[in-house]
Structure formats: structure tokens, C-alpha cells
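Trainee: Take this structure first; my questions come after.
Bear in mind that the values in this text are calculations on the coordinates, not laboratory data. Quick caveat: nothing in here was measured; it's all calculated off a predicted structure. Note that we place each Cβ from the backbone using ideal geometry, even for glycine, and neighbour counts take in every protein chain shown.
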Protein chains: 2
Amino acid sequence: MARRSEHTREQLRDLMLEAAEQLIVDKGLAGLSARAIARQIGYTPGTIYLVFANLDELILHVNARTLDRLRVPMQAAVAATDDPEQQLLGAARAYADFARSHPNLWRACFEHRLPEDVAGPDFIDARIAQLVELIMAPLARVSGAQGAALNAAAQSLWSGVHGVCILTLTGKLHTVGGQATEHLTDDLITHYLAGLVSRAAPTTSRG
Amino acid sequence: MARRSEHTREQLRDLMLEAAEQLIVDKGLAGLSARAIARQIGYTPGTIYLVFANLDELILHVNARTLDRLRVPMQAAVAATDDPEQQLLGAARAYADFARSHPNLWRACFEHRLPEDVAGPDFIDARIAQLVELIMAPLARVSGAQGAALNAAAQSLWSGVHGVCILTLTGKLHTVGGQATEHLTDDLITHYLAGLVSRAAPTTSRG
DNA sequence: GGCAGATAATGAACGCCGTTCACCATCGCG
DNA sequence: CGCGATGGTGAACGGCGTTCATTATCTGCC
């Protein structure tokens, strides 16, 4: 058994990513294994290493796909209105909605941990940057901020929305009267924006 | 070889938690294994299962300890001043500082995933609730909020701070001009508070 | 002192895991 | 037809979490 050439390297790559994605969807990152992927596509585990350097790299590519898909509804939310505050609220709701609809895929993007020293690849960093950039324009319009202050605002606000999603959707926020995710993202954004508008970006324009 | 009785069940428990903690500190959650713990304390893996139901339970107890230790500097920050805004900023900085000083322990609290259906135990939920409650009083004083609105504020603001810490400390926010963690938590809190003060908690007082 | 029963701990075993690599079946080409 | 290149294999290595029959030791009783 060798040299069957039923698939191109490219086709094989897609088959593997597809299978991996399905496994993550069904059983989470923990349910993913080289052997399971191989079983699913009718190859042996060794074949995976002809296409990817290791499982981590494969997972990173699944995550890249997930981030690409996540961007679509967020962009749509931004395009759906001209009111910058509504754009931000909509993008956050789209984010929360995606996370809730595809919990295992979404969590894989943030739970997957590379070995201590290895840095995340550029193609992931770039996609996260795209998400942050999505909210820069509305944020600039609504607050008049720019430069470093705008950057800080985009990062802190977006990290904040992400934090709300993480904690609520992983059930780590079972506090008194646990709030719905969107309720909390709305709360965070509304108040943050109100503060941003009422002040001239105090913390970052000091130096 | 059996029945050495060199240690009480309690002592054994502490030995195991200590060893597990050290392993997590040194190599992260991924570096933890029943065999490694056993090796470190001079017992065999089987012994661990006389004390804990499984590794997950052991890890949850390590996490409980971590959350207890995390609360100390946060409480100190709140006690250090009477200005509620400074209390909140201080608590967030203490949180970020702890996360940076003990990255692997801190991350273990949020990266550890239980099998799909199993819910997190109360002794973890309670400790997270304690952290959120820490900021309720200052938040109430600074904004005048109470009831559900106060609850939502505490949860969204604290989740936000957590999100900032997660994304900056795991290196997932390598965007243009990456900001220091404390810079972003300050930014988030300052603006959120300003917004909270300038408005009468709009999103939650509507119904 | 000697013996029985209780029990703390073992260690071998099961079925997984990621990863490597010598090997071989098959292909295209001369 | 033969041959070199190559796609893919599958066995192997050292790890993992977890279970459990077995055993060495302790305790209490005669």
C-alpha cells in the first residue's frame, strides 16, 4: 500500500482541515487527534506529517479558517448601519453570537496553546488584527480619538468584549443573577463609549 | 511494598497539590501528569487516585488555591485607598500583576477544561464570585448603581479586565503598537466609569 | 509471641496519544 | 520491460490517564 495518489497534496490538506474541524465541532479540541483525523479521511496518521509539520500547525490553520468566518458577520454588522455606536454594538453581538453558535471552534482559537517558547504565527496575528481594525473606524468617528489613543481604545474595548464572551460562555461567571452575554457586552460598550466621548482620552494623552 | 503510612491522607493531599503546582509553574498545564506528580513525591500514579477522583479534580483544587492567593493583593489594593476609582484601578492592576507574575498558574485557572458535560464545582464558582464581589462596593459608590445594574456593571467590567489580561499576556494582541496590559486596563476602567457616572445605567434600567 | 484481618500502596495492564522512519507498492519514463 | 522516484504505510518509541488484583505492612486479639 503506497502511492495511491487519489488526492493532491492540496486536496489532502483540505480533507484534513475539514476532518479536524468536524472533530473539534463535535468534541472540542480535546477530541482531536492525529489518529482520529486519519481514521476519518481513510489515511494513516503518518500521512498527516507529510502535509503539516505537526498537529499544532494543523490546528492553527483550522483556527485561521474560524477567524475568517468570524469576520464575515462582524463586517456585516458594521455595514448594516451608519451609526457608529450601533456598528460597535452590532459587531460585538455578532461576535458573541458566533461564539455561542460555534463554541468549540471559537474556543479552539483561544484555548490552543503552543509550547512555551514557540510564538504564534503571523497568519493568526494578522487575522486578530483584522478584527480589531474592524472597530477602529466606528470608534474613531464616535470619539474623535486617533493615533495611540484610538489604538488603545480599540484594543481595550475589544479585549473587554472578548473577556465577557469567554467568561459567560465557558460558564465561569455563575455569579448572582448571571447576565446574558449580549447584555454584558452592550453594558460594557455603552458605558465605555459614553466615557470616551465625555473625556478627551485621558489615560493616553497625558504623556 | 504497601502500607508505609508515612503520610496522612491530608498530608498526601497537600504533597500532591504542592507538586502539581510546582509542575504547572515550571511547565504549564501541559507539563502536568499523574506520573510526573507521583515521581516528584515518591509515590506511584495509582496513589493519586486514592486521594482524588481524577486529575481534573486535582487541578481544580490547585486552581482554587491560586484564586485564593490572587484575592489577597486585590483586597490589599481596595484597602489601600478610599477613592473608589483608585480602588478599582488598583484591583485591576493587582490582577494584571498577579497574572504576569504567575502566568502558568493564572492561565491554568482559565485554560483547564472539564469534559463537555461536567459542570465546574461550587468551590471554584464561589471564588470567582468573591473576586467580582470585591469590586461591587467601589463600583456602587462611584456610580450609585445597585441591584441588577450594579451586578451587570461588576460582571462586564471585570470580564473586560480579564479579557485584556488574557489577550495581552498570551500574546494574542500583537497589533500595531501593542499596549502594556496596565495601560489597557486603566483605559478600560477609566472610560467605563466615566460613562457609568455620566449616565443612569441606560442598558439595564430600561425594563 | 504469634496469627488474622484490615488497609496503604503498588505495578502491571489497557487503550489511548504525537511523532518518526525504514520500507514497500505503485507510478511514469526510457 | 525494467528502474528510479515517490506516496503512503505501519510498526515502533516513549508518553499519557486510569483501573484493579495483589501484596507488604500495620493493628488488634488471643
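Trainee: Across peptide A:107-113, how many C-beta atoms of other chains are within 10 Å of each residue C-beta, on average? Don't skip to the end; give the middle numbers.
Mentor: Numbers: counts 1, 0, 1, 6, 4, 1, 6.
Counting other chains' Cβ atoms within 10 Å and averaging over A:107-113 gives 3.
Trainee: Oh, and also: In nm², what is the average projected area of the convex hull enclosing the Cα atoms of chain A?
Mentor: 14.4
Trainee: Taking the Cβ of residue A:118 as the center, what net charge do the other residues with Cβ under 12 Å away carry, scoring Lys and Arg +1 and Asp and Glu -1?
Mentor: Computed value for this residue: -3.
Trainee: Then there's this: Which order do the peptides B:190-197, B:41-48 take when ranked by the mean count of other beta-carbon atoms within 10 Å per residue, highest first? Walk me through the intermediate numbers first.
Mentor: Values: B:190-197: 23.9, B:41-48: 15.2.
Packing order, densest peptide first, comes out as B:190-197, B:41-48.
Trainee: What net charge is computed for the residues neighbouring residue B:104, neighbours being all others with C-beta under 12 Å from the C-beta of residue B:104, Lys and Arg scored +1, Asp and Glu -1?
Mentor: On the way: positive: A:113, B:27, B:100, B:107; negative: A:116, B:21, B:26, B:111.
Here the count lands on 0.
Trainee: Where the label is 7 Å out from Cα toward Cβ, how close does residue A:25 come to the same position in every other copy, in nm, shortest first?
Mentor: Sorted ascending, the copy-to-copy spacings read 4.4 nm.
Trainee: Tell me which residues come under 5 Å, amide H to amide H, from residue B:102 once H is placed; ignore anything under 5 positions away on its chain.
Mentor: Under 5 Å from the amide H of residue B:102 lies no amide H from a residue far enough along the sequence or on another chain.
Trainee: Take the alpha-carbon centre of the range A:117-146, take the same for the range B:86-143, and report the distance between them in whole Å.
Mentor: Comparing the Cα centres of the range A:117-146 and the range B:86-143, I get a distance of 26 Å.
Trainee: Return the average number of partner chain Cβ atoms within 10 angstrom of each residue Cβ along peptide A:145-156.
Mentor: Details: counts 0, 0, 1, 4, 1, 0, 6, 9, 4, 3, 13, 19.
Partner Cβ neighbours, averaged per residue: 5.
Trainee: Still on this structure, please answer the following. Taking θ as phi - 60°, what are the ³J(HN,Hα) couplings along the range B:106-121 by the Karplus curve (6.51, -1.76, 1.60), each to the nearest whole Hz, with x for Gly and Pro?
Mentor: Along the range B:106-121, the couplings run 5, 5, 4, 4, 10, 8, 5, 10, 7, x, 3, 8, 5, 8, x, x Hz.
Trainee: From Cα pairs below 8 angstrom and at least 6 apart in sequence, can you work out the relative contact order of chain B, rounded to a whole percent? Mind showing how you got there, number by number?
Mentor: Details: 175 pairs, mean separation 40.2, N = 207.
Over chain B, the number comes to 19 percent.
Trainee: Order A:89-95, B:82-88, B:165-171, A:9-15 from most to least packed using the mean count of other Cβ atoms within 10 Å.
Mentor: A:89-95, B:165-171, B:82-88, A:9-15
Trainee: Per-residue Cβ counts within 10 Å, from other chains only, averaged over B:121-131: what number is that? List each step's numbers first, then the result.
Mentor: Numbers: counts 0, 1, 0, 2, 5, 2, 0, 5, 4, 1, 1.
What the average comes to for B:121-131 is 2.
Trainee: Only counting other Cβ atoms within 10 Å, I'd like B:25, A:164, A:72 sorted with the fewest neighbours first.
Mentor: Final ranking by Cβ density, sparse to dense: A:72, B:25, A:164.
Trainee: Pull out a ≥ b ≥ c, the square roots of the eigenvalues of the alpha-carbon gyration tensor of the protein assembly as shown, then state rounded if a/c is under 1.5, prolate if not and a/b is larger than b/c, and oblate in the remaining case.
Mentor: oblate
Trainee: Assume the label is 7 Å from Cα along Cα to beta carbon: what separations in nm does residue B:4 have to the matching positions in the other copies?
Mentor: The answer, with the shortest distance listed first, is 5.2 nm.
Trainee: Sticking with this one: Hey, if you put +1 on the Cβ of every Lys and Arg and -1 on every Asp and Glu Cβ in chain B, which of B:89, B:128, B:114 ends up farthest toward the positive end of that dipole?
Mentor: Farthest towards the positive end: B:114.
Trainee: Using θ = phi - 60° and the Karplus form 6.51 cos²θ - 1.76 cosθ + 1.60, what ³J(HN,Hα) does each residue of the range A:30-35 get, whole Hz, x for Gly and Pro?
Mentor: Karplus-based 3J(HN,Hα) across the range A:30-35 equals 5, x, 8, 8, 4, 5 Hz.
Trainee: Taking the Cα centre as origin and putting +1 on Lys and Arg beta-carbons and -1 on Asp and Glu beta-carbons, what dipole magnitude results for chain A, to the nearest 20 debye?
Mentor: The dipole of chain A has a size of about 320 debye.
Trainee: Hey, another quick one. Grab the other residues whose beta carbon is less than 10 angstrom from that of residue B:174, score K and R as +1, D and E as -1, and report the net.
Mentor: -1
Trainee: ³J(HN,Hα) across the range B:71-77 via Karplus (A = 6.51, B = -1.76, C = 1.60, θ = phi - 60°), whole Hz, x for Gly/Pro?
Mentor: 5, 4, x, 5, 4, 4, 5
Trainee: Let me ask another. Quick one: label points 7 angstrom along Cα→Cβ at residue B:40, distances to the other copies in nm, smallest first?
Mentor: For residue B:40, the inter-copy label distances come out at 3.4 nm.
Trainee: Oh, and also: Give the chain B residue with the shortest beta-carbon distance to the rotation axis relating chain B to chain A, plus that distance as a whole number of Å.
Mentor: With distances in whole Å, chain B gives B:163, 1.
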